[in-house]
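Here the structure comes first, spelled out in structure tokens, and everything after it is commentary.
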Amino acid sequence: MAPLRVAIAGLGTVGAAVADIILSRNTLINARCGREILISAVSARDRHRDRGVDLTGIDWFEDAAEMAMQADAEVVLELIGGEEGIAKTVCENAISSGRHVVTANKALLAMHGTALAKAAENASVGLLYEASVAGGIPVIKSLREGFAGNKISSVHGILNGTCNYILTTMRETGREFDDVLTEAQDLGYAEADPSVDVDGIDAAHKLALLASVAFGAEVNFHAVHVEGIQFISADDIAFASELGYRIKLLGIANQTELGVEQRVHPAMVPIDSPLAHVEGVFNAVVVEADAIGTSVLQGKGAGAKPTASAVVSDLIDIARNTVLPTFSVPLSELSQPKTVSLDNRQGPYYLRLMVLDRPGVIADVSAALKEEGVSVEVLLQRGRSEEGSVPVVLKLHETVEANVRRAVEQIAQLDSVVERPCMIRIEEL
Ligand code: HSE
């Protein structure tokens, strides 16, 4: 059978690792898909950089957008990144000229996934993106194929390695957020702009894609409620441990009777939950569905080799002629579900208040909670301070989010509360 010819746009660490896998596993890939995968063209910024792979004999294009239309290739790999600009043009050009697209670009797909899927279906080519969510964990494949006989009710998990690394290290060392973020950047885990990680945006991009493929719905990034981890303090992490929890940045997508709920925020999970033990840069995705019950997928969510492994699995699918609908169902079947507001969430909550250590403060806080019908399960205060503030921690009984938020607004206005209260949802996952 003729080789599958592939053009690679972007030869950064992931692009170079993809080229290395393709070039070094020729025999294995050939045996697995009955044909060779051959890199026929590449495009990158610097032609002369040593990337540790031999690109001799491969066509070089200065312009990736031009390569996407003109390369002698059936597949274009988009490994440039970015939600607009050249990455988008490369995908559009490849599709319009009848080539399959494989991409690791979660930001692009979160913003333009539905439009690109439409273009791909109209052109009868595939749009594959296993590498865009949770790196080396084959979660898109699992949702689209392995769980295809299920009605999926929830997909949730730890989708950002940088945040998980920061939260793990804060817990292990007692250090504060800013200090550990610098370390995560030095180690190369964070995105070019680390706010994309720590503000929860990267996890939200991935969650929007998981929700689409799990529920057969149009991608709706703007429906994701997003909060990051930048307000989590070393105190919160210590109090969480004392209460029997770990703090994780979670992405949660639930199919409910009212529609689809999508949210990314820090959450406390019980120490005996599988998610509590996913540490460092690892990711985990939990799928709940009617036939399988609960399934947990865990592995390396970032890094050149795990991401390249996912890219190559997409190429092998194309080489085997297995090209499936982008979001599990053909376009005509894609739904546009209603967005369920987070105000409806019901569950327990953690509140940390920084208060002046004087009589009557707890009474004022209790009055605000009482007014909103919110009841307290645990109250902790550690330390004393004649002049400064002290942390007071409350674990609230299961209640409705809208009520907690109103109570927090009232508490934030109290003279004795010196910082914005920190509210963390407790998820019994
Ligand atoms: N910055 C991302 C993370 C990389 O930390 O998970 C993979 O998308």
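The values are calculated or read from the model by the stated rules, or taken from the named source; none is laboratory data. Worth saying up front: this structure is predicted, and the values here are computed from it rather than measured. Neighbour counts are summed over all protein chains in view; Cβ atoms, including those assigned to glycine, are modelled from backbone coordinates with ideal geometry.
The table below lists the values:
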quantity: Region 401-429 - residue that is surrounded by fewer than 16 Cβ atoms within 10 Å (Cβ to Cβ) and among the hydrophobic types (A, V, I, L, M, F, W, C) and, of those, nearest to residue 296 (Cα to Cα); calculated: 402
quantity: Selection status of residue 260, assigned by TED's automatic domain parsing to the domain that holds residue 157, touching a His at 6+ places or on another chain (Cβ under 6 Å) and buried (at least 16 other Cβ atoms within 10 Å of the Cβ); calculated: no
quantity: Residues of region 290-333 that turn out to be touching a strand residue (DSSP E or B) at 6+ places or on another chain (Cβ under 7 Å), in contact (Cβ under 8 Å) with a residue 40 or more places away in the chain, among the hydroxyl-bearing types (Ser, Thr, Tyr) and not in a loop (DSSP other than H, G, I, E, B), as a count; calculated: 1
quantity: Any hit, region 301-309, residues being over 16 Å from residue 128 (Cβ atoms), in contact with a helix residue (DSSP H, G or I) (Cβ under 9 Å, 6 or more places away or on another chain) and among the basic types (Lys, Arg); calculated: yes
quantity: Single condition residue 124 does not satisfy, out of (1) more than 15 Å from the ligand (Cβ to nearest atom); (2) hydroxyl-bearing (Ser, Thr, Tyr); (3) under 20 Å from the mean Cα position of the chain (by Cα); calculated: (3)
quantity: Output for region 135-159, where each listed residue is within 12 Å of the ligand (Cβ to nearest atom) and more than 16 Å from residue 268 (Cα to Cα); calculated: 135, 136, 137
quantity: Residues within region 334-371 that are assigned to a strand (DSSP E or B) and of a type in the set (Gly, Ala, Ser), tallied; calculated: 2
quantity: Any hit, region 173-182, residues being more than 24 Å from residue 294 (Cα to Cα), within 16 Å of the ligand (Cβ to nearest atom) and among the acidic types (Asp, Glu); calculated: no
quantity: Subset of region 363-375 [of a type in the set (A, V, I, L, M) and either touching a Pro at 6+ places or on another chain (Cβ under 9 Å) or buried (at least 16 other Cβ atoms within 10 Å of the Cβ) (or both)]; calculated: 365, 368, 369, 374
quantity: Selected residue [of a type outside the set (Ser, Thr, Tyr) and within 25 Å of residue 302 (Cα to Cα)] from 44, 31, 68; calculated: 44
quantity: Among the candidates 188, 157, 126, 200, residue that is of a type in the set (Gly, Ala, Ser) and without any contact (Cβ under 8 Å) to a residue 24 or more places away in the chain; calculated: 188
quantity: Scan of region 1-20 for residues that are within 31 Å of the chain's Cα centre (by Cα) and surrounded by fewer than 19 Cβ atoms within 10 Å (Cβ to Cβ), ordered by number; calculated: 5, 12, 13, 20
quantity: Any hit, region 123-130, residues being of a type in the set (Ser, Thr, Tyr), closer than 25 Å to residue 308 by Cα and touching a strand residue (DSSP E or B) at 6+ places or on another chain (Cβ under 7 Å); calculated: yes
quantity: Selection status of residue 217, within 16 Å of the ligand (Cβ to nearest atom) and surrounded by 20 or more Cβ atoms within 10 Å (Cβ to Cβ); calculated: no
quantity: Residues located in region 296-310, provided they are within 19 Å of residue 156 (Cβ to Cβ) and modelled with pLDDT of 95 or more; calculated: 296, 297, 298, 299
quantity: Residue identified as at pLDDT below 95 and either within 16 Å of the ligand (Cβ to nearest atom) or under 30 Å from residue 14 (Cα atoms) (or both) among 313, 328; calculated: 328
quantity: Residue count, region 35-60 (criterion: under 13 Å from residue 79 (Cα atoms) and either crowded, with 16+ Cβ neighbours inside 10 Å or in contact with a strand residue (DSSP E or B) (Cβ under 9 Å, 6 or more places away or on another chain) (or both)); calculated: 3
quantity: Search result, residues across region 94-111 that are in a helix (DSSP H, G or I), out of contact with any strand residue (DSSP E or B) (no Cβ under 8 Å at 6 or more places or on another chain) and without any contact (Cβ under 8 Å) to a residue 40 or more places away in the chain; calculated: 96
quantity: Breaking point among (1) of a type in the set (A, V, I, L, M); (2) closer than 30 Å to residue 122 by Cβ; (3) in contact with a helix residue (DSSP H, G or I) (Cβ under 7 Å, 6 or more places away or on another chain), for residue 318; calculated: (3)
quantity: Flag if residue 229 is within 16 Å of the ligand (Cβ to nearest atom), more than 23 Å from residue 13 (Cβ to Cβ) and crowded, with 19+ Cβ neighbours inside 10 Å; calculated: yes
quantity: Selection status of residue 177, out of contact with any Asp or Glu (no Cβ under 8 Å at 6 or more places or on another chain), surrounded by fewer than 23 Cβ atoms within 10 Å (Cβ to Cβ) and at negative phi; calculated: yes
quantity: Residue satisfying condition, being in contact with a Cys (Cβ under 7 Å, 6 or more places away or on another chain) and of a type outside the set (Val, Ile, Thr), within set 78, 121, 83; calculated: 78
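Listed here are the residues, each with its yes/no results for (1) within 16 Å of the ligand (Cβ to nearest atom); (2) surrounded by fewer than 20 Cβ atoms within 10 Å (Cβ to Cβ).
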position: 62; (1), (2): no, yes
position: 83; (1), (2): yes, yes
position: 113; (1), (2): yes, no
position: 118; (1), (2): no, yes
position: 130; (1), (2): yes, no
